[in-house]
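Read the structure below first, then the notes.
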Amino acid sequence: MSDLASVDGELLPVAEARIPVTDEGLLRGDGVFEVLRVYGGRPYALPDHIARMERSAANLRLPLDPEAVLADAVALLDAAAPGDALLRLVVTRGGHRLALLEPLPEHTAGLRLGTVTYAPTRVLDGIKSLSYAGNMLATRLAQERGFDEALLVTPHGRVLEAPTSTFFWAREGRLLTPPLEEHILASITRIRLMEVADVEEASCTADDLATAEEAFLASTAREVQSVTVIDDRELPGVRPLTLAAADGFRERVEAELAAGAG
Ligand SMILES: Cc1ncc(COP(=O)(O)O)c(C=O)c1O
């Protein structure tokens with residue numbers, strides 16, 4: 001992995017990449033970010049991520065220059081040729097733009113999810129903000145209990161999403177996912193999956209978790225990852241809808257990359 005990063009359009013070694021300590025992006029988590037997937041050095045769904053970042057910034061009343069963010073991303077990828085990686089784009093309240101490369105996280109084959117009570121901050125609806133401490137804590141709380149990842153559930157028992165991924169489950173042979181009205185992120189992987197697989201939006205309750213025939217998490221970093229355990233329940237071992245969704249998503253990525261979209 002190259003050690004290059006970009007700060008305000010300047011390429012430099014990541015160890016020398018700096019923003020002022022007074023930046024409210026750091027002090028208050030006031031800023032926006034995106035993480036996108038790089039396949040063989042090529043960004044996937046880059047226009048979608050820039051568009052979501054623009055929407056996040058508009059909702060947060062944060063000045064953002066999408067062309068500069070795009071140019072930073074392209075220049076970093078050209079210079080670093082990272083192969084398979086994640087690309088993180090950040091714009092802070094202090095007016096700084098960061099582009100960073102990260103190795104792909106290692107993921108376990110079957111995810112064990114522990115539910116964690118979580119109430120989304122309504123005023124941050126439609127904003128992928130830097131205020132992610134609650135999401136990161138939820139993962140740690142689940143891991144303290146021996147799980148791989150958290151499944152966020154409201155105090156009223158509605159299942160939302162995972163801290164950095166969307167939740168899908170199967171009921172009576174149908175694939176379902178919570179609607180965006182539940183104050184979850186408009187995931188780009190979720191949109192793609194709804195185009196390649198037969199998915200319905202439906203609220204998910206504790207009863208649904210108790211009877212789910214299959215479940216998986218989906219995100220830029222995970223793609224589609226099968227869930228094997230939710231709290232004290234082991235899910236059935238046969239997962240045809242999960243496998244079909246994973247294959248459909250993979251084919252879609254390959255088709256988009258082959259068509260030069262990115
Ligand atoms: C809260 C949350 N939900 C879902 C996702 C998945 O979104 P995407 O498919 O755009 O990566 C993310 C991604 O980081 C997230 O932070």
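The values are calculated or read from the model by the stated rules, or taken from the named source; none is laboratory data. Quantities reported herein were computed from a predicted structural model and do not represent experimental measurements. Heads up, the Cβs are rebuilt from the backbone with ideal geometry, glycines too, and the neighbour counts pull from every protein chain shown. Accessible surface is based on the protein model in full, side chains and every heavy atom, while ligands, DNA and RNA are left aside. Shrake-Rupley method; radii C 1.70, N 1.55, O 1.52, S 1.80 Å.
Key figures for this structure:
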read-out: Radius 11 Å from Cβ of GLY94, net charge of other residues (Lys, Arg +1; Asp, Glu -1); value: -1
read-out: Average Cα contact separation per residue, the chain, under 8 Å, 6 or more apart, as relative contact order %; value: 18
read-out: Max mean-square fluctuation residue, GNM over the chain, Cα-Cα springs under 10 Å, options PHE147, PHE33, PHE168; value: PHE147
read-out: Translational diffusion coefficient (Stokes-Einstein; Kirkwood radius from C-alpha pairs) of the chain at 20 °C, 1.002 mPa s, in µm²/s; value: 112
read-out: Share of carbon and sulfur in the accessible heavy-atom surface of the range 174-246 [1.4 Å probe, %]; value: 55
read-out: Accessible area, probe 1.4 Å, largest first, for residues ARG252, ARG37; value: ARG252, ARG37
read-out: Peptides 3-11, 158-166 ordered by average Cβ neighbours within 10 Å, highest first; value: 158-166, 3-11
read-out: Estimated [θ] at 222 nm from DSSP helical runs (n ≥ 4, -39500 (n - 2.57)) normalised by residues in the chain, nearest 500; value: -9500 deg cm²/dmol
read-out: Environment charge at GLY9 (Cβ cut-off 12 Å; Lys +1, Arg +1, Asp -1, Glu -1); value: -4
read-out: Mean separation of Cα contacts under 8 Å (6+ apart) over length of the range 64-108, as relative contact order %; value: 33
read-out: Three-way shape call for the range 1-70 based on the alpha-carbon gyration tensor, with the a/c threshold at 1.5; value: oblate
read-out: The range 1-102: relative contact order as a whole-number percent, Cα under 8 Å and 6+ apart; value: 41
read-out: Centre separation in Å (Cα based) which lies between the range 166-226 and the range 1-43; value: 30
read-out: Distance histogram in 10 Å bins (all Cα pairs of the range 111-214, percent per bin); value: 15, 48, 34, 4
read-out: Ratio of Rg to Rh over the range 175-262 (Cα coordinates, Kirkwood Rh, two decimals); value: 0.99
read-out: Alpha-carbon Debye profile of the range 66-113, log10 I(q)/I(0) at 0.23 Å⁻¹; value: -0.83
